[in-house]
Structure formats: C-alpha cells, structure tokens
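Worksheet: the structure to be examined is printed underneath.
The values are calculated or read from the model by the stated rules, or taken from the named source; none is laboratory data. Since we're looking at a predicted model, the values are computed, not measured. In this analysis, Cβ positions are derived from the backbone assuming ideal geometry, glycine residues included, and neighbour counts consider all displayed protein chains.
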Amino acid sequence: MPNGGYSMVNSTDERADEGYFGPDSVSWRLFTDPSSKLGGMAALLMQALNPGMMMLFSKASSTPDMGGDRVERTGRYIDTTIFGDKAHADAAGEQVRRMHHNATWTDPTGTTLRADSQPWLAWTHNAVVWGVVRGAEAFGPELTAAEKDQFVLEQHAAAKLVGVETDSIPSTWQELQDEIEAGKDWLALCLPAANVAATMRKPPMGGNPIAAWTGIIIQDGMLSLLPEWALNLYGITRPKNLQKAARATARILARARKSESASARIHTVIEQVQAKPYRKIRH
C-alpha cells in the first residue's frame with residue numbers, strides 16, 4: 001500500500017462500500033491531511049481568476065459571497081465524494097450537475113454564460129487537484145512522483161461526478177502543471193475575484209492574539225503555493241515573506257499531524273459523511 005494502508009478504519013453497517021477511492025488510495029491520504037485545506041484555498045484563488053466564471057457566479061448565484069455556509073457546503077461535497085460510498089457520491093455529483101446546468105446568465109452583448117461549460121468545469125477540477133498536490137509538496141505528506149501521478153489519475157473519478165469529460169483533463173502531474181501554467185495566457189483578475197481574495201485574506205480580529213497571528217502566518221503560507229504570475233495578478237509582491245511563512249506553516253502542520261493519526265482522521269470524516277452527507281439518499 002503506497003500510503004501505509006488504512007484498512008484498519010472500520011465502516012459502519014450503513015456503509016455500502018468504500019466509495020470510488022478507498023483505503024489504499026492516495027486521495028484518502030491527501031484529503032484527510034491538513035495540507036489539503038490550504039491547497040483547497042489556493043485552488044479557490046486560482047479558480048477565481050477565470051473572469052467569465054466569476055462574472056456568472058456573481059450574477060447567477062443566490063449566494064455570491066464566499067461566506068461560511070458556502071465553504072461548509074463545498075467541504076461537505078468533497079468529503080462525500082472522496083469518503084462516502086458510491087451511492088452518496090453519485091447523489092452529490094448529480095445535485096451539483098443540476099445546479100451547474102441551471103446556472104446561466106446572458107451578458108449585455110447577448111452572450112450566454114453557462115456554469116456547465118466544459119472548459120470551465122475542467123479548470124475548476126484541475127485547480128483543486130493541483131492545489132492539493134502543491135499543498136503536499138510544501139507542507140507534507142511527502143509524495144513520490146508515482147503517487148502524484150496516481151492522485152491525478154484517481155481524481156478522474158471525481159471529475160466524472162460533476163460531468164467533466166475526462167479525455168480533456170491531465171492524467172499525470174506534469175501534464176497538470178503544464179495546464180495550470182498555460183492559464184496565465186487567459187486568466188485575469190476581475191472585481192468578483194478581487195472580492196473573494198479580500199474576504200479570504202481578511203485577518204482574524206479579536207480573540208486570542210497568538211491564534212490570530214498563527215492564522216496570518218498560515219494564510220501567507222497558503223499564498224506561497226500560488227505561481228508567481230497568479231500572485232502578480234492579485235497584487236501580492238512579498239515572495240520572501242511568503243516563503244518564510246511557508247516554512248513556519250510546514251512546522252505548524254507537522255505538529256497538527258502528530259496530534260491525530262491518519263487512521264483516526266479518516267474514521268472521523270467517514271462518520272461525519274454518514275451522519276451528514278452532501279445529499280441524503282434512501283437505501
């Protein structure tokens with residue numbers, strides 16, 4: 001087992017199967033590691049640089065802000081599709097596909113923007129997979145080249161759930177890096193993306209000052225995952241400070257990783273998915 005194996009994680013009687021990934025997958029290993037949260041935040045910033053998608057998002061969404069409810073739903077969707085059984089993963093994907101199909105907006109020129117546009121779906125998917133691997137590269141857990149490729153390929157199952165045509169997305173880590181790098185030729189910062197970045201980067205105020213300072217360090221550590229051209233688009237010009245924050249973030253996450261075993265984290269998220277999946281189904 002490339003990740004040491006998590007077969008000791010017990011499923012409850014209600015769990016029909018191990019889902020599309022399972023205990024031997026790189027996906028289970030990465031998505032329960034704290035680095036994936038920072039990779040996911042970096043992915044969100046990369047996704048937001050798609051100006052057409054962000055304009056549609058701001059016009060067609062009933063909740064155009066990136067508040068806690070939206071973040072919670074997105075996290076529940078990822079947990080359900082990665083750790084839920086296949087029936088719950090399928091139900092989650094079906095609901096998201098329906099939302100994307102219904103999300104349209106016609107701009108003043110008469111052009112209709114659609115959330116289920118294949119290029120947009122592919123960019124959104126690619127950004128997430130790239131962000132999770134970048135988080136692991138910077139903060140752990142250590143991955144071999146073969147494991148990075150395996151993760152990229154495993155995530156084709158997640159792409160299919162939301163309707164991505166998998167012959168149009170990368171199958172290796174190098175292909176994925178090339179696809180992300182090519183984004184600099186068409187991505188741009190628009191006002192909705194700037195608002196998302198401002199919301200994410202707003203430092204926590206009040207409470208424990210040590211916790212607040214730690215949060216700022218981790219936030220800068222997350223920003224260090226972005227390519228230099230993406231940082232330039234967001235007007236972030238402190239690469240040396242970000243690298244210092246990245247080293248500190250790696251130490252913070254290493255301590256967090258030691259506080260709970262990977263098996264325990266997986267068991268916890270499986271229980272959470274079973275108790276509150278993205279979409280409940282009848283067996």
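Quick look at the values:
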item: Hits in the stretch 236-264 - residues which are assigned to a helix (DSSP H, G or I), among the small types (Gly, Ala, Ser) and surrounded by fewer than 17 Cβ atoms within 10 Å (Cβ to Cβ); result: ALA248, ALA250, ALA254, ALA256, SER259, ALA264
item: Hey, THR166 among the hydroxyl-bearing types (Ser, Thr, Tyr) and either closer than 16 Å to ASN50 by Cα or under 16 Å from the mean Cα position of the chain (by Cα) (or both) or not; result: no
item: TYR278, sole failed condition from (1) of a type in the set (Phe, Trp, Tyr); (2) within 21 Å of PHE57 (Cβ to Cβ); (3) surrounded by fewer than 16 Cβ atoms within 10 Å (Cβ to Cβ); result: (3)
item: Every residue from the stretch 1-41 that is modelled with pLDDT of 95 or more, under 23 Å from GLU181 (Cα atoms) and among the hydrophobic types (A, V, I, L, M, F, W, C); result: LEU30, LEU38
item: The lone exception for LEU189 - which of (1) in contact with a Lys or Arg (Cβ under 9 Å, 6 or more places away or on another chain); (2) of a type in the set (A, V, I, L, M, F, W, C); (3) in a loop (DSSP other than H, G, I, E, B) it fails; result: (1)
item: Top-ranked residue of the stretch 57-76 - restricted to ones that are among the small types (Gly, Ala, Ser) and loosely packed, with under 13 Cβ neighbours inside 10 Å, ranked as modelled with the highest pLDDT; result: SER62
item: Residue under evaluation LEU143, criteria (1) crowded, with 19+ Cβ neighbours inside 10 Å; (2) assigned to a helix (DSSP H, G or I), criterion not met; result: (2)
item: Contacts under 7 angstrom Cβ, first residue in the stretch 128-157 being closer than 14 Å to GLN174 by Cβ, partner crowded, with 21+ Cβ neighbours inside 10 Å and of a type in the set (S, T, N, Q), 6 or more apart; result: VAL129/GLN155; PHE151/SER27
item: Test: residue in the stretch 264-278 that is more than 24 Å from GLU137 (Cα to Cα), more than 20 Å from the chain's Cα centre (by Cα) and without any contact (Cβ under 8 Å) to a residue 12 or more places away in the chain; result: yes
item: The listed residue being in contact with a helix residue (DSSP H, G or I) (Cβ under 7 Å, 6 or more places away or on another chain), aliphatic (A, V, I, L, M) and surrounded by 15 or more Cβ atoms within 10 Å (Cβ to Cβ), out of LEU226, LEU233; result: LEU226
item: Contacts under 8 angstrom Cβ, first residue in the stretch 18-30 being on the phi < 0 side of the Ramachandran plot, partner surrounded by 24 or more Cβ atoms within 10 Å (Cβ to Cβ) and assigned to a loop (DSSP other than H, G, I, E, B), 6 or more apart; result: SER27/GLN155
item: Residue check, THR199 within 27 Å of PRO23 (Cα to Cα), of a type in the set (Ser, Thr, Tyr) and either in contact (Cβ under 8 Å) with a residue 12 or more places away in the chain or loosely packed, with under 15 Cβ neighbours inside 10 Å (or both); result: no
item: Single match in ALA158, ALA194 (criterion: hydrophobic (A, V, I, L, M, F, W, C), modelled with pLDDT of 95 or more and out of contact with any Lys or Arg (no Cβ under 6 Å at 6 or more places or on another chain)); result: ALA158
item: Candidate set: the stretch 175-196, residues that are aliphatic (A, V, I, L, M) and surrounded by 14 or more Cβ atoms within 10 Å (Cβ to Cβ); chosen: the one farthest from LEU49 (Cα to Cα); result: LEU176
item: Subset of the stretch 197-235 that is assigned to a loop (DSSP other than H, G, I, E, B) and of a type in the set (A, V, I, L, M, F, W, C) - its residue that is modelled with the lowest pLDDT; result: MET205
item: Scope the stretch 87-123; condition part of a helix (DSSP H, G or I) and hydrophobic (A, V, I, L, M, F, W, C); matching residues; result: ALA87, ALA89, ALA91, ALA92, VAL96, MET99, TRP120, LEU121, ALA122, TRP123
